[in-house]
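Structure, as structure tokens:
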Amino acid sequence: MSHELRTPLNAIIGLTEMMVANAARFGTEKALEPLRRVNAAGTHLLSLINEILDLSKIEAGKLELNPEPVNLPRLIDEVIGTAGQLDEKNQNRLVVEAQENLGTLTADSLRLKQVLLNLLSNACKFTKEGEVALRVRKVTDGRDWVELAVADSGIGMTAEQQAKLFQDFTQADSLTARRYGGTGLGLAITRKLARMMGGDVTVTSEPGKGSVFTVRLPGAKRHEPAAPSISASGRGRCRAFGCLAHRLGANLSDPAGALNRWLYPRRPDRHRRTPDRSMALGAVGSALRHRESARCWQQYCY
């Protein structure tokens, strides 16, 4: 279905662009205005089809993300390069405010660009001769997050309009739909994509003073040292020591040390704690303290 809808439209858009750009060569100077209208209508229809297909995939659970490490400064440059054409139509000023050392973010780069371009497109559409800003920062509140906020000085919204903003095929009100156009799908898809990536999109706005849409996504996970692995022989020792601890009982003041000295009385060098032996002795100590050797060594060995 995707190819059947997109391929004819891409052909129409490509041919009209070529005929406009090479009007003298093709003798289409007198048809420039109709050709531009056809091109604009085709582009709009393609955008609508893309949104409907994305929404249908999301609702059917068929949209697959491709998480990968994303270089945030590079992604921001690419998004601003694409969005630079959007602010020219209404003579807006596009600015970027980003923290230093943003690093990387694990996300689907293609979908993250789609989210940001959706928000920037809306901001530029509802703002005239004002400012549109992309603000990026790291936030920590129990875990690490990355916030990407798109702020504008446009028409703003009431609380009632904000309440239905992220619903499918819904716009702020009928007057806004007639004046600015749109399908009412862009923001709905934007929030769904953000939630699929483990985050969310929120909005704050005031009529006549502009809006701020904030995308919050999980930041890079902090590195945690891996637990020491246990070899096959180590697992065997854990089982044996667990059974032995169960026989010895719980009357030793230093069960792990006593067992180690009892097992290796003439080999001081063998008291060196390897990961295997440390795990085994830990199992013994726990078993002796709680008289539950079976549960203890199962935890380490199976």
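Note on ASN66/ALA220: beta-carbon distance plugged into 1/(1 + (r/R0)^6) with R0 of 22 Å gives a FRET efficiency of 0.80. Taking the square roots of five times each eigenvalue of the Cα gyration tensor of region 59-190, the equivalent ellipsoid has semi-axes of 25, 20, 14 Å, listed largest first.
Within region 1-152, how many lysine pairs that are 8 or more places apart, or on different chains, have C-alpha atoms less than 24 Å apart?
8
Solvent exposure of region 1-106, expressed per residue, is 68 Å² of accessible area, with all protein chains present and a 1.4 angstrom probe. Extending 7 Å from Cα along the Cβ direction at THR158 and again at ASN90 yields two label points whose distance is 2.0 nm. Would you please classify the overall shape of region 1-129 from the alpha carbon gyration tensor, given that a ≥ b ≥ c denote the square roots of the eigenvalues, rounded means a/c under 1.5, and beyond that prolate means a/b larger than b/c while oblate covers the rest? Since a/c reaches 1.5 but b/c is at least a/b, the shape of region 1-129 is classed as oblate.
In percent, rounded to a whole number, the relative contact order of region 1-153 is 19, using alpha-carbon pairs under 8 Å and six or more apart.
The values are calculated or read from the model by the stated rules, or taken from the named source; none is laboratory data. Just so it is clear, the structure is predicted and the values come from calculations on it, not from any experiment. In this analysis, Cβ positions are derived from the backbone assuming ideal geometry, glycine residues included, and neighbour counts consider all displayed protein chains. We work out accessible area using only protein heavy atoms, side chains counted, and drop any ligands, DNA or RNA first. Shrake-Rupley method; radii C 1.70, N 1.55, O 1.52, S 1.80 Å.
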